[in-house]
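Data first, discussion second: the structure below is written as structure tokens.
Values quoted throughout were computed directly from the atomic coordinates according to the rules given, and no laboratory measurement underlies them. What you are looking at is a predicted structure, and each value in this text was computed from that prediction instead of being measured. With ideal geometry, Cβ positions are generated from the backbone for all residues, glycine too; neighbour counts draw on all protein chains shown.
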Amino acid sequence: MKKITKIVTTLAILNLLGCSLNPPTEDPIENPVIPPPDSEYQTSTYENKEFGLRFEYPSEWTLDESIGGSPDSNSLDIHLSNLTPVGDAPGCQDGYAGIEIQSTQVQPSEYLGFEKLAKTVLLCEDPSSQGLGCISGDIETITINNLKGYKGTHSGWDGCDGPGYALEQDKNQYIYIFTGTKEASASDKKKIDNTINSIASVDKETSFCDKAPTATDIGRNILPIELEYKTIEFLGQIFTAYPCGKDRISQIFGVEGDSYTLGSTIFLKQKASQPFSDVLKEIGFSCKSETESECKEWTLKNTVKIDDIMKLKPYADQIEKDDCVNCG
């Protein structure tokens, strides 16, 4: 299956009921509503507070999830299937019914806006994006639980094609949905529709203050970093941890008391604005080139106060990446 790495959210299952009426008698009695075959099934709720996504899905189906991304985005990738194993493994064997939901958070500075993104990438109006799993066929505008977007006849799931969906989830977040079936029952196809129609956005509860660190290959701990600082590993940890208090900041490699000892080299996306340049020099950074006005690489060799490092935070969107200087 060809996919765009973007993550997509979820909707609530509709419970369809039918009626069975007995012929009237001299003393008519009310008969209970009896569901027709295959129209009633148990559901489970999936909810992810980090990505703000929730939906209902058939309890007997298999679900797996993974989180990945790029320097500019984080993606939640969910596979649902009536077969095991889930994911791409079952392919499109007979009787298969599956859904892939991708919810993707993009750095605000890199986000195209949903309409532009949907038309150029998800709907493949940009020729360079063709063949990446584009939504195609008859396109209609839709709204699912207040999430607005598009539905197309084809999702781009090679060999197992069903409708595709693109939904705007948040100001810099969108959902992309693939569906696939092959000789699946009408009941399973209805379960796909119900699952998609249950997708909803929920309040996010992302607390970077409580998230556990990850370890590098050399055993150094790295604290979780907010998406907008993802490309600046060293400074990004400080920017993210600072609101959490001194105990959290003290867990950062290179922090001793209220000081940062590793030094810093920062690489800018373009030459620094004058206010940014003034702050860099105030902290103790120096330009590595002779022409400061065009400088895009600045170095700090001395130990400085954490509060001084935080003066860089308003200019984080101008920093492409960073490194340490005194890190051994």
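Of note:
- Rounded if a/c under 1.5, otherwise prolate or oblate - the stretch 286-325, Cα gyration tensor axes: oblate
- Under 15 Å from the Cα of LYS148 - aspartates and glutamates, other chains or at least 8 residues apart: GLU115, GLU140, GLU168, ASP170
- Within the straight-line cut-off of under 12 Å between alpha carbons, the aspartates and glutamates reachable from LYS288 are GLU297, sequence neighbours fewer than 8 places apart in one chain being disregarded.
- 5 angstrom amide H check on GLN169, placed H, neighbours 5+ away: TYR174, ILE175
- Cα shape, the stretch 214-323, gyration tensor, a/c 1.5 rule: prolate
- Each label point was placed 7 Å from the Cα along the Cα-to-Cβ direction; for LYS49 and LYS281 their separation is 4.7 nm.
- With both labels modelled 7 Å from their Cα along Cα-to-Cβ, the SER136 to GLU60 distance reads 3.5 nm.
- For VAL202 and ASP94, the FRET efficiency from 1/(1 + (r/R0)^6), where r spans their Cβ atoms and R0 equals 45 Å, is about 0.80.
- Derived scalar couplings ³J(HN,Hα) [the stretch 214-229; Karplus, 6.51 cos²θ - 1.76 cosθ + 1.60; whole Hz; x for Gly, Pro]: 10, 9, 7, 4, 9, x, 8, 7, 10, 6, x, 10, 4, 3, 5, 10
- Segment ASN326-THR214, length gained on full extension (0.36 nm per residue, minus Cα span): 38.2 nm
- Subset of LYS116/LYS269; LYS204/LYS246; LYS211/LYS301; LYS296/LYS321; LYS151/LYS191; LYS171/LYS321 violating a 20 Å alpha-carbon distance limit: LYS116/LYS269; LYS204/LYS246; LYS211/LYS301; LYS171/LYS321
- The aspartates and glutamates whose alpha-carbon is closer than 20 Å to the alpha-carbon of LYS182, local same-chain residues fewer than 8 away aside, are ASP38, GLU60, ASP88, ASP94, GLU100, ASP158, ASP161, ASP193.
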